[in-house]
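The structure appears below as structure tokens.
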Amino acid sequence: MPPIMRLMEYEPLPTRPSRSSRTAPQGRRLLRWTWPVLLALVVGAVAGVGVAAAIHVPRVEALASTYTPRLVTQLYDRNGHSFATFARERRVMLKESEMPQIMENAVLASEDANFFRHGGIDAMGIARAAMTDLKHGRVVEGASTISMQLARSLFLSRERIWKRKIEEAFLAVELEKNYSKPQILTLYLNLVNLGHGNYGVEAASRYYFDKPAAKLTLPEAAMLAGIIPAPSRYSPYRTPDTVLKQRDRVLRRMLEEKFITQDQYRQAVATPLLPAPQQAEESFAPYFAEDIRKYLETTYGATELYERGLQVQTTLDTQIQRAAETAIHSGLLKLDHRRGWRGPIATLDAASLETQTLPTWTQGKPAVGRWYQGVVLDSGPKEARVKIGKEIYTLGPDGIAWTNRKQPSDLLKRGAVAWFRLEVPQPKEAAAKPGDKTKATATPPAATAASASAPLRLMLEQQPLMEGAAIVIEHQTGAVRAMVGGWDFDRNRFNRATQARRQVGSSFKPFVYGAALEAGWTPADTLLDAPTAFTGADGRLSYRPENYYHKHYGIVTLRRALEQSINVPAVKLLDLITGKRVVDFAHRCGIQTPLPTWPSIALGSADLVPMEVAAAYATIANQGTHIEPYTIEKVTTPDGQVLTPPHFPATYSSTTPAVAYVLTHMMEGVVDHGTAYAIHDLPIDIAGKTGTTDDFSDAWFVGFTPRYTILTWVGYDVKKSLGAGMSGAVAALPMWRTIAERGLADGWLQKDETFQVPPGVAFKDIEYYSGLLGGQGTRTLKEAFVAGTEPNRQYNPQWSTIASLPWYQQKAFYIPKEGEHMPGKDGQGAGPQPPPSPGPQDAPAEEPPPP
């Protein structure tokens, strides 16, 4: 029978004695003493009935089968290391055997010393609390047992009303009936709020002390126990003095309850309060994690995502991701520094500088390598004093070298707010290179050690206005190993790697040449680069493409036209093989955006998503087999139930391995002596293509090695020019190089790795400019051909003379292809078919020439 019903049972009153046995005065006296008892019984019965009707007690016995604590969803990289979490409450559950005894003792002494002696409600504790509260004239000590607190956490709201308090007591008794004391204590310690979003002692121990609960010391366990009464007020970072008093109170209670000795108590209270320094949380791979979060919420719902502790195995490689983030951040900084100092981000009232606080200031000293907003206290010709948090640093000439100003006072006045970072000067170091450490760079151990003995150098910084993106795909599996969607996830969560649609420029040209190879063309075939008009979208000869330098090169091979990114031959090639064939090839490779068949598509007039561009290049790199990029390997519940089985991405053949290899071989030339010449010295086979739009609003480089396809992009969110000359080779290629250099150093790119030659490919020594079989004394290269398409004409020395002629004179020696648009009124050329090209003017048409 429920306790509330037992309160209603009572014995009937005994029958009154007869009047004859007592006098009237005696009867009246008896009535005067008994009527209060009768009234109390009646009121108690009525109250019992009312309480029974008002109180609803949940089914505690079903807790074991129905209750699931709010757990943390974890994202794991390919090596099983957690890199991101999603939860409403930060919690890590411990088993009963894993709960440290020192933590249990601290909580028992502080919260419920009679825990193992009461049945859920501590009458002695209630009396003690009442006496303490009366003594102080206010509520200073509660009477809730651990069982009552657990009942409140599991079943009830936190509103302070009589109904909740009674329910709490009843539920505590029911908990004690259904579960053992150790079970109740373990569950309590896993659920209790310990401040700063941490629930349970394991999560709190990792947050406050950067170690698991099993390694807590006595003072640390006491500090955690002291936070329990008011986790929102007791913060070792905001109110350390108050938390210290709370810790010592817990230690005193542990001594009184004989959990510790007098010597242990003295040593513990003498220990300073030493929580781990908390910087603003640095998220790792935030754009990658956010893409997965959106998928999980769409697929499983918000409750499953934030409360059920999903375990998500992803494709992320932390080494590659770190290389990509460093490349984008440092590259954007260098580009931004070229544009000069824009000025402070704000100016504060000079009268209140000493008391100002800024959003990026955190507890403890600023960390080496991270960015902080600072307030300039004063500025002079030689140095400026800058306040960051509670510290004051000196900004000298070295810290402003990138601005091309010599005096800090030329840039910053008193009250100015700007971005700064700290670095450790190296011995005999030259002027610091701006942007070497970025906002996302963690403090290396060596730098941390050095900072304790060497003075830190303050560096002036500014956030770039332009944005960047990077993607790394393992093309043989489709696994996305790295993804960077912008400069700073906190500044803007828009993922430019998967959400932006940007004009691709000349990075689209490989799809034109790939389609031509399928149609029977070879790298040695030639076209005439000359002013030409093509049929535009209006149905008229209105489209007249221009080359990068507004000059033309005459007769060029397909290889050279791609290497130097010459525009007119690319448009001619599309026109000859048809735009429909080019669009079909691009779609088969992995471009999903609908594309027009207009001539301008050859030069990348379409707006494409970087991820689809990277996926299409990965198809070429994977010898014509397309594998859909993916980021999630498997999703399971905390108990191992598989929700999403191991991933098998969509795979299909896009083109033949021979065509894909010949195209790859042509794209290697872009690196060896074309627009991507700046990375030709890297000791690994690389193929790729730069991309630049007409107004320099988008800069691309998409390149691949035998194992990885890597894309880098730079541009503004609101389309505008990056600046004159900011081509793909200038803006995007250096970031690509940084990633590759890091890969070679870390080992995920293998030195001297080469592309494998598939069956169906033949090689011939070809004279570079003419595309004919090479002869003695000529510049030759070993050209790849789809077997059966090799040239059979031998090079003639007369081509060196023809190659030196301007394009309009070379025209006489060129026989147009069938249907080829030609300059001139008749649209035809004259003379033999030899295909020379102008050697003395070997400069790229899209990018600045290689050194």
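Could you please state, rounded to a whole Å, how far the C-alpha centre of region 464-501 is from the C-alpha centre of region 553-571?
31 Å
Taking only protein heavy atoms into account and a 1.4 Å probe, give the accessible area per residue of region 702-809 in Å².
Details: 4930 Å² over 108 residues.
That works out to 46 Å² per residue.
Within the accessible area of region 509-569, what % is carbon and sulfur when the probe is 1.4 Å and the other protein chains stay in place? Before the final figure, lay out the partial values.
On the way: 830 of 1750 Å².
Here carbon and sulfur together make up 47 percent of the probe-accessible area.
Taking a temperature of 37 °C and a viscosity of 0.692 mPa s, what whole-number D in µm²/s does Stokes-Einstein yield for region 483-541 with Rh from Kirkwood over alpha carbon pairs? Show your work: numbers first, answer last.
On the way: Rh = 15.8 Å.
Once the numbers are plugged in, D ends up at 208 µm²/s.
Given R₀ = 22 Å, FRET efficiency for Leu643-Glu98 by Cβ-Cβ distance, to 0.05?
Details: r = 26 Å, r/R0 = 1.19.
Between Leu643 and Glu98 the formula returns 0.25.
For region 577-636, which whole percent of the accessible surface, found with a 1.4 angstrom probe, sits on carbon and sulfur atoms? The partial results should precede the final answer.
On the way: 990 of 1900 Å².
Carbon with sulfur: 52 percent of the solvent-accessible area.
Summing +1 for each Lys or Arg and -1 for each Asp or Glu, what net charge is found among the other residues whose Cβ lies under 11 Å from the Cβ of Glu307? Please report the intermediate quantities before stating the final value.
Working: positive: Arg70, Arg88, Arg91, Arg308; negative: Glu89, Glu304.
Taking every other residue near Glu307 into account, the sum is +2.
Quick one: accessible area per residue over region 184-245, 1.4 Å probe, rounded to a whole number of Å²? Please list the in-between numbers first.
Values: 2180 Å² over 62 residues.
With all protein chains present, region 184-245 gives 35 Å² per residue.
Given a 1.4 Å probe, how much area per residue of region 461-619 is accessible, in Å²? Mind showing how you got there, number by number?
On the way: 4500 Å² over 159 residues.
Per-residue accessible area for region 461-619 comes out at 28 Å².
Provide the solvent-accessible area of Tyr808, counting protein heavy atoms only and rolling a 1.4 Å probe, rounded to the nearest 10 Å².
Roll a 1.4 Å probe over it and Tyr808 shows about 140 Å².
In Å and from the alpha-carbon atoms only, list the Rg and Dmax of region 270-381.
20.5, 60
Rounded to the nearest 0.05, what FRET efficiency do Ser804 and Lys782 give with R0 = 22 Å and r taken as the Cβ-Cβ distance? Could you check?
Working: r = 25 Å, r/R0 = 1.15.
The value I calculate is 0.30.
Using the structure shown, list the pairs from Lys551/Lys811; Lys551/Lys719; Lys509/Lys751 with a Cα-Cα distance above 25 Å, or answer none. Intermediate results must be reported in sequence, preceding the final value.
On the way: Lys551/Lys811 15 Å; Lys551/Lys719 27 Å; Lys509/Lys751 28 Å.
Violating the 25 Å limit, Cα to Cα: Lys551/Lys719; Lys509/Lys751.
Cα gyration tensor of region 703-807, axes a ≥ b ≥ c as square roots of the eigenvalues: rounded (a/c below 1.5), prolate (a/b > b/c) or oblate?
Working: a/c = 2.79, a/b = 1.49, b/c = 1.88.
Oblate shape, in that a/c is at least 1.5 and b/c is the bigger or equal ratio.
To make sure I understand the rule: partners must be aspartates and glutamates, Cα under 18 Å from the Cα of Lys245, and not fewer than 8 residues away in the same chain. Which ones qualify?
Lys245 reaches Glu111, Glu141, Glu220, Glu256.
Please identify every one of the GluC sites (Glu not before Pro) in region 532-624 that sits in a loop by DSSP and has no more than 16 other beta carbons within 10 Å of its own beta carbon. Can you show the working numbers first?
Numbers: sites: Glu546, Glu563, Glu612; in loops: Glu546.
Those that pass, being in a loop and sparsely packed, are Glu546.
Probe 1.4 Å, all protein chains in place: accessible area of Arg339 in Å², nearest 10?
Per-residue accessible area (Arg339): approximately 130 Å².
Quick one: accessible surface of Leu218, probe radius 1.4 Å, all protein chains present, in square angstrom to the nearest 10.
30 Å²
The values are calculated or read from the model by the stated rules, or taken from the named source; none is laboratory data. Note that the structure is predicted; figures quoted are calculated from it, not measured. Here Cβ is always computed from backbone atoms with ideal geometry, including for glycine, and neighbour counts include all displayed protein chains. Just so you know, the surface numbers come from the protein's heavy atoms only, side chains and all, with ligands and any DNA or RNA stripped out. Shrake-Rupley method; radii C 1.70, N 1.55, O 1.52, S 1.80 Å.
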